[in-house]
Amino acid sequence: MSLNRRKFLSRSAVTGAGVALAGAAAAPAAEAASAHRGRGGRKRYALTVLGTTDLHGHVFNWDYFKDAEYADTAGNAQGLARVSTLVDQVRAEKGRSNTMLIDAGDTIQGTPLTYYYAKVDPITAEGGPVHPMAQAMNAIGYDAVALGNHEFNYGIETLRRFEEQCDFPLLGANAVDAKTLRPAFPPYFMKTFRVKGAPPVKVAVLGLTNPGIAIWDKAYVQGKLAFPGLEEQAAKWVPKLRSMGADVVVVSAHSGSSGTSSYGDQVPYVENAAANVARLVPGVDAILVGHAHTEIAELKVVNEETGRTVVLSEPLCYAERLTLFDFELVFERGRWQVESVRASLRNSNTVADDPRITELLADEHAVVVSYVNQVVGTATETLTTVEARYKDAPIIDLITKVQEDVVREALAGTEFASLPVVAQASPFSRTSEIPAGDVTIRDLSSLYVYDNTLVAKLMTGAQLRAYLEFSAEYYVRTAAGAPVDVEKLTNANGRPDYNYDYVSGLSYEIDIAQAAGSRIRNLSFGGAPLDDAGQFVLAVNNYRANGGGAFPHVASARELWSESTEIRTRIAEWATARGVLDPADFASVGWSLTREGVPVF
């Protein structure tokens, strides 16, 4: 553990690693900067807080799934190597002593690079490597990072090891010990800026994470950690930070700004609560927003109690953007006051990689590129997800077939062995492709981009019917005879692709001319109408099994079996064992879109 880390951590027998003391120690003071005289001769000081979020393991401007430089139609660039260049530019413009750098979470999951150092060559092993994200963020000089929900995907041990390797605190005021309800991570970070000719400026960063962790990573956190609401914990901590002398309070929140939730009523807290914090909790000056993967240059929210404006900003994920909060402070009535805050974004595509970062992690990058390019089999034809969100695609059937086989084998010899197994899968990507010929790990990984694991749930026919009706809400209602634009057919009410499910083993039509809730037609199993009272085993990913997406019945259904091996790994094992991917072995046309009985396609 670095010397800088020791001041943030103590030990806990409950969670097995560092727990923040209630008053996290302040960072060393920045070198002295100069105040300037403004209107009326008052002393003024300009401060810039830089922010990133949802980095998801992107260090390089590289697409490991395509084995090429990252490129998209918007011309974006990704990676901390680019952000490092932007940060250096801002520090040169503003003066390093007048800046600080923070992040709003989801750091250690999301690319083959981060998967490799969590699972293949894990950082938790005796004498194991230092996580690439820790290396890069230490080198760039982050001051503090909020916890994201994906920080918990590999378990608490991996997260704690990553925490030890960082020269900055991982903040989570609302990540608390499940038994004592005391903070399990540092709630805040305080930095003092020395100002020549004036008193110092104290900046506090309060870290808040997502209550959905209790659902999405239930297997790791249940009974160990709890995640109260953001508004509740901000209301507790912001007054404390002000009483400790904070002149500026910035919240780093792994929570979107929309005020919506994807998990229904499973937890009594709002998933995307950043704007609620601004509106309801007095004393906040700015909020770095995360989690939603959207771009918000500047959003102004008026606090209901004080009437003051709170400025929010969310830089685009994967290190494609950098937020700048520019504060103007004035010294009056014996203390520094925030006079104004402006937020803006800088684009990673305007700069080159910082060679200091690319050279630092060149070896790790090369190892992972070699790993994902291993050939594990061959495909008889090209399989693609291009049309998978509106046509039953063989490439998604591959996922469900693997899940069915794994669950059947797991339940063999149990009292549930005779029950029919059906499986759920989502069209995560619109661009994934398994080419005809050699199939590599990266081809299969691009098909299943999340680190989900497999669960078996006991469901009735009636529950599966309701599940499918909920899933079918994904489609925009389209009258019979009306033209069909596939670009406007899906994502009704903003529902993402990963919250639309196929269910294999069943046959059904989705009538998109009907209102949501009454779209499933001709639902059958084994050639006969589905028996609502019949019992089935649903092979489902852990995100959905724990309530992600708020699909009905599945979270409360009896769990028959689960495992910690990723579904992505199971797909690779299945393909490797067979050597050949032939759609004849896994493809079926189980569902189709119709309008009043007429196929859409």
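The values are calculated or read from the model by the stated rules, or taken from the named source; none is laboratory data. Source: prediction; values computed, not measured. Cβ sites come from the backbone with ideal geometry, for glycine too, and all protein chains shown count toward neighbours. Surface areas here come from the heavy atoms of the whole protein model, side chains and all, with no ligands, DNA or RNA. Shrake-Rupley method; radii C 1.70, N 1.55, O 1.52, S 1.80 Å.
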Using alpha carbon centroids, what distance separates segment 547-592 and segment 410-488, in Å? 8 Å
Inter-part gap, Cα centre of segment 183-234 to Cα centre of segment 265-337, in whole angstrom, is 14 Å
In segment 300-339, the trypsin sites (Lys or Arg not before Pro) that sit in a DSSP loop and have at most 12 other Cβ atoms within 10 Å of their own Cβ are R333
To test your reading of the geometry: what angle, between 0 and 90 degrees and rounded to tens, separates the Cα axis of helix 461-472 from the longest principal axis of the chain? 60 degrees
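Beta carbons within 10 angstrom, averaged per residue: use that to sort the peptides 188-199, 105-116, highest first.
On the way: 188-199: 18.7, 105-116: 25.4.
My ranking of the peptides, most packed first, is 105-116, 188-199.
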Heavy-atom accessible area per residue, the chain, 1.4 Å probe: how many Å²? 37 Å²
Nearest-0.05 FRET efficiency for R342 and N491, computed from C-beta distance (R0 41 Å): 0.80
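Please give the charge dipole size of segment 207-262, origin at the Cα centre, charges +1 on K and R Cβ atoms and -1 on D and E Cβ atoms. Round to the nearest 20 debye. Numbers along the way, then the final one.
Numbers: 5 positive and 4 negative charges, 32 e Å.
With Lys and Arg at +1 and Asp and Glu at -1, about 160 debye.
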Take A74 and A577, extend 7 Å from each Cα along the Cα→Cβ direction, and tell me the distance between the two endpoints in nm. 4.1 nm
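Based on the mean of other beta carbon atoms within 10 Å per residue, what is the order of 501-507, 165-171, most packed first? Don't skip to the answer; put the middle values down first.
Details: 501-507: 21.3, 165-171: 24.6.
Per-residue mean Cβ counts within 10 Å order the peptides as 165-171, 501-507.
Here is the link list: K66/K401; K300/K488; K191/K300; K43/K191; K179/K457. Which ones come out longer than 27 Å on Cα distance?
The pairs that break the limit, which is 27 Å between Cα atoms, are K300/K488; K179/K457.
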Could you pull the accessible area for W591 with a 1.4 Å probe, rounded to 10 Å²? 10 Å²
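Whats the longest run of the chain with zero GluC sites (Glu not before Pro) that are DSSP loop and have at most 15 other Cβ atoms within 10 Å?
Details: sites that count: E126, E295, E304, E305, E381, E387, E415, E487, E596.
In short, 127-294.
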Residues whose built amide H sits under 5 Å from the amide H of A513, excluding neighbours closer than 5 in sequence, are T478, E596
Helix 362-372 vs. the chain, principal-axis angle (Cα, 0 to 90°, nearest 10): 10 degrees
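How charged is the neighbourhood of N210? Take every other residue with its Cβ under 11 Å from the Cβ of N210, and add Lys/Arg as +1 and Asp/Glu as -1.
Details: positive: none; negative: D106, E151, D217, E271.
Combined, the nearby Lys, Arg, Asp and Glu give -4.
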By how many degrees, 0 to 90 and rounded to 10, does the Cα axis of helix 80-94 deviate from the longest principal axis of the chain? 20 degrees
Where does the chain land at 222 nm, in deg cm²/dmol rounded to the nearest 500, when only DSSP H runs of n ≥ 4 count, each adding -39500 (n - 2.57), divided by all residues? -6500 deg cm²/dmol
For segment 334-463, the percent of accessible surface on carbon and sulfur atoms (probe 1.4 angstrom, ligands and nucleic acids excluded) is 49 percent
Carbon + sulfur, % of accessible area of segment 173-250 - ligands and nucleic acids excluded, 1.4 Å: 56 percent
So what is the relative contact order for the chain, in percent, with contacts set as C-alpha pairs under 8 Å and at least six apart? 14 percent
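Test of understanding: what is the full-extension gain from E328 to Q89, defined as 0.36 nm times their sequence separation minus their Cα-Cα distance?
That works out to 84.1 nm of additional length.
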